[in-house]
Amino acid sequence: MLSNLKPEIIAVLISLFSLVVAAFSLGWNIYRDVILKPKLKVGFGVREIFHENFPQTLTKLIITATNFGPGQINCNMVQCKNAPVWRRILRKVKYVVVIHDYKNPMSGQLPSKLNVGEKLDLIFPFDKDSFLSEPFTHVGLSDSFGRNHWAPRKDVREARKNYLQEFRNNKA
């Protein structure tokens, strides 16, 4: 079959094939370098810390972040937002930046670079003055790409429920 084709047609077919390969290669490089960014999985909750040297268990708020890649990611800030449906419709979403406990030696520090597979734990006090006293719907971390990675809303609702059970009667 190829023996019946003229050399000019074969040259055009090879050129078209190499054009398709080059276009695919260019598209992949743009996707890899511009669009494909590391994914950060964030968890949030009320956790208890046990240790033999502690007279009692410590109850803390903990945000965990794991880098699922590809590549390294810089975690910059802890952010909260109050965005129920009515606030989103009226464009009245409230954002808050939360400063974590820098003095706690068990807590990770921000900003933090995470390689693929590395994890960061940020510890906050669990008391009546914690940031859960406000009705936030989202808790998460921002990264160096300007994106916010939110913990599942179920985690935030559960932590808020624990906060209200613990401190509702102790507001005084």
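Could you tell me the calculated FRET efficiency between L164 and K37, based on Cβ-Cβ distance and R0 = 35 angstrom, to the nearest 0.05? The partial results should precede the final answer.
On the way: r = 36 Å, r/R0 = 1.03.
Between L164 and K37 the formula returns 0.45.
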Applied in sequence order to the range 70-79, the curve 6.51 cos²θ - 1.76 cosθ + 1.60 (Karplus, θ = phi - 60°) yields integer Hz couplings, x standing for Gly and Pro, of x, x, 7, 9, 9, 8, 10, 9, 8, 10
Given unit charges at Cβ for Lys, Arg (+) and Asp, Glu (-), the dipole magnitude of the chain about its Cα centre in debye, nearest 20, is 800
HN-Hα couplings for the range 37-44 via Karplus (6.51, -1.76, 1.60; θ = phi - 60°), in whole Hz with x for Gly/Pro, come out as 10, x, 9, 10, 9, 10, x, 8
Residue span V20 to F131: 0.36 nm per residue of separation minus Cα-Cα distance leaves a gain in nm of 34.5 nm
Going residue by residue through the range 105-117, the Karplus relation 6.51 cos²θ - 1.76 cosθ + 1.60 with θ = phi - 60° gives ³J(HN,Hα) values, rounded to whole Hz and with x marking Gly or Pro, of x, 7, 7, x, 10, 10, x, 9, 8, 10, 7, 4, x
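State which stretch of the chain is the longest one without any exposed GluC sites (Glu not before Pro), exposure meaning a DSSP loop state and at most 15 other Cβ atoms within 10 Å.
53-117
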In degrees, nearest 10, the alpha-carbon axis of helix 153-167 is tilted away from the dominant principal axis of the alpha carbons of the chain by 10
With R₀ set to 30 angstrom, the calculated FRET efficiency between the beta-carbons of S144 and F54, to the nearest 0.05, is 0.25
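Give K37/K103; K37/K161; K60/K119; K60/K113; K37/K92 a once-over and call out the pairs whose C-alpha atoms are over 26 Å from each other.
K37/K103; K37/K161; K37/K92
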Amide H neighbours of F44 at under 5 Å, excluding residues fewer than 5 places away on the same chain, with H built from the backbone geometry, are T64
Per the Cα gyration tensor, the range 22-80 corresponds to an equivalent ellipsoid with semi-axes, largest first in Å, of 41, 11, 8
Correct response: the longest run of the chain lacking exposed chymotrypsin sites (Phe, Trp or Tyr not before Pro), defined by DSSP loop and at most 13 other Cβ within 10 Å, is 1-49
Note: the chain at 37 °C, 0.692 mPa s; Kirkwood Rh on alpha carbon pairs; Stokes-Einstein D in µm²/s works out to 168
Sparse-neighbourhood loop hits (trypsin sites (Lys or Arg not before Pro), the range 1-110; DSSP loop; Cβ within 10 Å at most 16 others) -> K39, R91, K92, K103
Farthest towards the positive end of the dipole of the chain, among N162, P84, L141 and with Cβ unit charges of +1 on Lys and Arg and -1 on Asp and Glu, lies the Cα of P84
Summing -39500 (n - 2.57) over every DSSP H run of at least 4 in the chain, dividing by its residue total and rounding to the nearest 500, the 222 nm mean residue ellipticity is -8500 deg cm²/dmol
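Here, each number is a calculation from the coordinates, and none is a lab measurement. In this text, all values refer to a predicted model and were calculated from it rather than measured experimentally. Neighbour counts run over all protein chains shown; Cβ positions are idealised from the backbone, glycine included.
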